[in-house]
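Novice: Before anything else, here's the structure in question.
Read the figures in this text as sums done on the coordinates, not as results from a lab. Keep in mind the model is a prediction, meaning the values are calculated, not measured. Using ideal geometry, Cβ is built from the backbone for each residue, glycine included, and neighbour counts are taken over all protein chains shown.
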Amino acid sequence: MAMRTIAEFEDILQPIIVDILDWSVSKPNDVRIGWETEGPPAFKITDDVIFIMAVPIDHQINRQQDVSYDEGSPDLLETRGMTRVMGLNVIAYGADALYNLKKIKTAMFYESVRHTLSAEQIFYIPDTIEPRRAPEPGQGQWWERGDMQLQFNELLTDTREQNAVESVDIEIDRENGVNIEFTINQ
Amino acid sequence: MINVRELITDPDFSQKFTVYRSSGEFVNGRWVETHTEVSMVGVIIPASAKELNMLPEADRVVGTISIYTKTPLYITSNDRQGTSDKILWKGDLWKLISVNNYSDFGFYKGIAQRMAGD
């Protein structure tokens, strides 16, 4: 896998959260991805809607890179593996905001969810703090809202061709005038 | 109430311009939209000067215009499932950020923000 973009990460998580909430049939697009360029239409105060936004998190483990080489043709294939800690901000609106967040948090431990995530080399970090209730005022009303952040370890790999030495020509000039030439092949 | 509708299309003040009206839908949680072109006649004047914001990475140009029309202008709406109208004026696209419904007096007024940063 090449380096995954933030948008690709969000696109992986969106359907998983839809499934967790059992919204696949009724409202698959009410798990929405935030910070859209055009600023899409909002929602009604009665709607249960989830917004997800991925934000990379700085961590010591992000600094480490493991490099391996494989035979390519004709060069070597260099694979650089690294972990990226990725945060997923989950913001829920609607009467069931906190209930939905709790449901998502709990489901991160389900085998089916873990299996789907691990197939994408994404691994949940089981240390999510309790979803926070944070109703916000707007349009003369209080909008029920809850926030939480899930964190994941993501395995990223960067692969590129690395030139390999096929042969080396050696020339030795000696003082007695007898020169030696030979070639070392791979 | 005085109806000033005829002033909006008075050739002494008005001009033709194009509005890009959006409609869209969420696909896998992301907003995907298409635009249709609408030809309009109305009055457009600067609402604020084209200004330069000096940022460390680059100079950014911002500005707003006022648009007066006889037909409605739209900002982002969930019921309409579309984002704000974009107006092509003097080679730039301007996105509506506010609309005043003065239809009782025969017109609508919008304020639009310059979309390009350069």
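Novice: Starting from the 7 Å offset along Cα-to-Cβ, what nm value, one decimal, do you get for the label separation of A:Q139 and B:D12?
Specialist: It works out to 4.3 nm between the two label points.
Novice: While we're on this one: Report, by chain and number, residues whose modeled amide H sits under 5 Å from the one on A:W143, excluding near sequence neighbours (fewer than 5 apart, same chain).
Specialist: For A:W143, whose amide H was placed from the backbone, the distant partners under 5 Å are A:E136, A:G138.
Novice: On to the next question. How much net charge surrounds B:G24 when only other residues with a Cβ under 9 Å from its Cβ are counted (Lys, Arg +1; Asp, Glu -1)?
Specialist: -3
Novice: So who's got an amide H within less than 5 Å of the one on A:I125, skipping anything under 5 residues away but keeping other chains? H placed 1.01 Å off N, in plane.
Specialist: Here the answer is A:Q151, A:F152, A:N153, since their amide H atoms fall under 5 Å of that of A:I125.
Novice: What net charge do the residues around B:K86 carry, taking every other residue with its C-beta under 13 Å from that of B:K86, with Lys and Arg at +1 and Asp and Glu at -1?
Specialist: Overall, the nearby charge balance is -2.
Novice: I would also like to ask the following. Placing +1 at every Lys and Arg Cβ and -1 at every Asp and Glu Cβ, with all other atoms neutral, what dipole size does chain A have around its Cα centre, in debye to the nearest 20?
Specialist: Using Cβ point charges on Lys, Arg, Asp and Glu, chain A gives about 1380 debye.
Novice: Do me a favour and compute the ellipsoid semi-axes for chain B from its Cα gyration tensor, root of five times each eigenvalue, largest one first, whole Å.
Specialist: For chain B, the ellipsoid semi-axes come out as 25, 21, 12 Å.
Novice: Is there a quick way to get the dipole size of the stretch A:118-182? I mean about its Cα centre, with the Cβ of Lys and Arg at +1 and of Asp and Glu at -1; what is the value in debye to the nearest 20? Don't jump to the answer; show the numbers that get you there.
Specialist: Numbers: 5 positive and 15 negative charges, 154 e Å.
Charge dipole, the stretch A:118-182, about its Cα centre: 740 debye, nearest 20.
Novice: Of B:E57, B:E33, B:E25, which has the largest mean-square fluctuation in a 10 Å C-alpha GNM of chain B?
Specialist: Among B:E57, B:E33, B:E25, the largest mean-square fluctuation in the Gaussian network model of chain B belongs to B:E57.
Novice: Separate question: Could you compute the net charge surrounding A:E71? Neighbours are other residues with a C-beta less than 12 Å from the C-beta of A:E71; K and R count +1, D and E count -1.
Specialist: With Lys, Arg at +1 and Asp, Glu at -1, the net is -4.
Novice: In addition: Arranged by the count of other C-beta atoms within 10 angstrom, fewest first, what order do A:F43, A:F109, B:F26, A:F152 take? Write out the running numbers ahead of the final one.
Specialist: Values: A:F43 16, A:F109 10, B:F26 19, A:F152 23.
Listed from fewest to most nearby Cβ atoms, that is A:F109, A:F43, B:F26, A:F152.
Novice: Normalising by the residue count of chain A, find the relative contact order in percent from Cα pairs under 8 Å and 6+ residues apart. Walk me through the numbers before you get to the answer.
Specialist: Details: 326 pairs, mean separation 40.7, N = 186.
Value for chain A: 22 percent.
Novice: For the protein assembly as shown, what proportion of DSSP beta bridges, expressed in % and rounded to the nearest 5, is antiparallel?
Specialist: Rounded to the nearest five, the antiparallel share is 95 percent.
Novice: Specify the residue with the greatest mean-square fluctuation among A:Y124, A:Y93, A:Y69, computed from a Gaussian network of chain A linking alpha-carbon atoms under 10 Å apart.
Specialist: So, out of A:Y124, A:Y93, A:Y69, the one fluctuating most is A:Y69.
Novice: Per 20 Å bin, what percent of the C-alpha pairs of the protein assembly as shown does each bin hold, from zero upward?
Specialist: With 20 Å bins starting at 0, P(r) equals 23, 39, 25, 9, 3, 0.
Novice: Rounded to the nearest Å, what's the spacing between the alpha carbon centres of the stretch A:22-44 and the stretch B:31-49? Just the number, please.
Specialist: Result: 26 Å between the Cα centres.
Novice: Going from the alpha-carbon gyration tensor of the stretch B:40-98, what semi-axes, largest first and in whole Å, does one get by taking the root of 5 times each eigenvalue?
Specialist: Whole-Å semi-axes of the equivalent ellipsoid: 25, 16, 9.
Novice: Compute the distance in nm between two label points, each set 7 Å from the Cα along the Cα-to-Cβ direction, one at B:I45 and one at A:A42.
Specialist: Roughly 3.1 nm, to one decimal.
Novice: Starting at the first residue of the stretch A:96-108, write each ³J(HN,Hα) from the Karplus equation 6.51 cos²θ - 1.76 cosθ + 1.60 with θ = phi - 60°, in whole Hz, x for Gly and Pro.
Specialist: 9, 3, 5, 4, 5, 5, 4, 5, 5, 4, 5, 5, 4
Novice: Taking +1 at the Cβ of each Lys and Arg and -1 at the Cβ of each Asp and Glu, which of A:A54, A:P41, A:P28 sits farthest along the dipole of the stretch A:22-79 towards its positive end, judged by Cα position relative to the Cα centre?
Specialist: Of the options given, the answer is A:P41.
Novice: With each label point set 7 Å from Cα along the Cα-Cβ vector, what nm distance links B:L88 and B:L52?
Specialist: For the pair B:L88/B:L52, the computed spacing is 2.9 nm.
Novice: When the expected Rg is taken as 2.2 N^0.38 Å, what fraction or multiple of it is the alpha-carbon Rg of the stretch A:6-185?
Specialist: On the way: Rg = 26.1 Å, N = 180, 2.2 N^0.38 = 15.8 Å.
My calculation over the Cα atoms of the stretch A:6-185 gives 1.65.
Novice: Between A:V49, A:V18, A:V168, which gets the highest mean-square fluctuation from a Gaussian network model of chain A, Cα cutoff 10 Å?
Specialist: Among A:V49, A:V18, A:V168, the largest mean-square fluctuation in the Gaussian network model of chain A belongs to A:V168.
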